[in-house]
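What follows is a set of notes on a single structure, which appears directly below.
The values are calculated or read from the model by the stated rules, or taken from the named source; none is laboratory data. Keep in mind it's a predicted model, so treat the numbers as computed, not measured. Neighbour counts are summed over all protein chains in view; Cβ atoms, including those assigned to glycine, are modelled from backbone coordinates with ideal geometry.
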Amino acid sequence: NRLDVVKEVASEFIGRREGDRVGLILFGSRPYIQAPLTFDRETVKTLLDESVVGIAGQETAIGDAIGLAIKRLRKQNKDETVLVLLTDGSNTSGQLNPRQAASLARQVGLKIYTIGVGGESAAVQDIFGQSVGNYRAELDEETLKFIASATGGQYFRATDRGGLRAIYALLDKLEPAAGKGESLRPVTALYHWPLGAAFLLSLLLAAPLVLESLRRR
């Protein structure tokens, strides 16, 4: 399923972030830190793999998640920060509007890359197997594009595992890992996925990295 794909590709990405400090944030109705920033990428990968759906609530607080990332990155006192947000839905909860969060991110110099997943049309059949129309998953691309544009990032669209891998590979080029040195730039990655129960995984990196979120239909 999509959740397994996200965990797989995100884990590969984390493994390549040599020299970056990585953390883990989960969010649904509210965001919270699952793992603080650390150079121990294997621990973060394990926590990512063990993350369960619905632990942070049934809704999607994208704005609040960005706000928490800003708060954590501010404490790092770094000059350059990057956030990558991946989602297949729209903001349905929280106190901070995503566009307001983007404005705050711009003020503190946080660049946000956004990745839209899902939103594709799917045929709906009746009990006899006959098509009765199409269902289109909700994906607020306009807001994702706004967040990226307002903060100097880019918006990407992923439709399958290969596409998601290609996006992460591009992010590796746009925001190279710090390497073995300790002169790091803070970075954040968010992963969101309501699966009947919404939740988001977020990676906080002390170097250029990504934020993503996904939801399974």
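What are the residues in region 146-167 that are farther than 20 Å from ILE62 by Cα, in a helix (DSSP H, G or I) and out of contact with any strand residue (DSSP E or B) (no Cβ under 6 Å at 6 or more places or on another chain), if any?
Correct list: ARG161, GLY162, GLY163, ARG165, ALA166.
Using beta carbons and a limit of 6 Å, which pairs, at least six apart or on different chains, have the first residue in region 54-78 and under 21 Å from PHE146 (Cα atoms) and assigned to a helix (DSSP H, G or I) and the second one modelled with pLDDT of 65 or more and of a type in the set (Phe, Trp, Tyr)?
ALA65/PHE27
Please identify the pairs in which a residue from region 139-157 that is farther than 21 Å from VAL6 by Cα has its Cβ atom under 7 Å from the Cβ atom of a residue that is of a type in the set (Gly, Ala, Ser) and surrounded by fewer than 20 Cβ atoms within 10 Å (Cβ to Cβ), counting only partners at least 6 apart or on another chain.
THR143/SER90; ALA150/SER103
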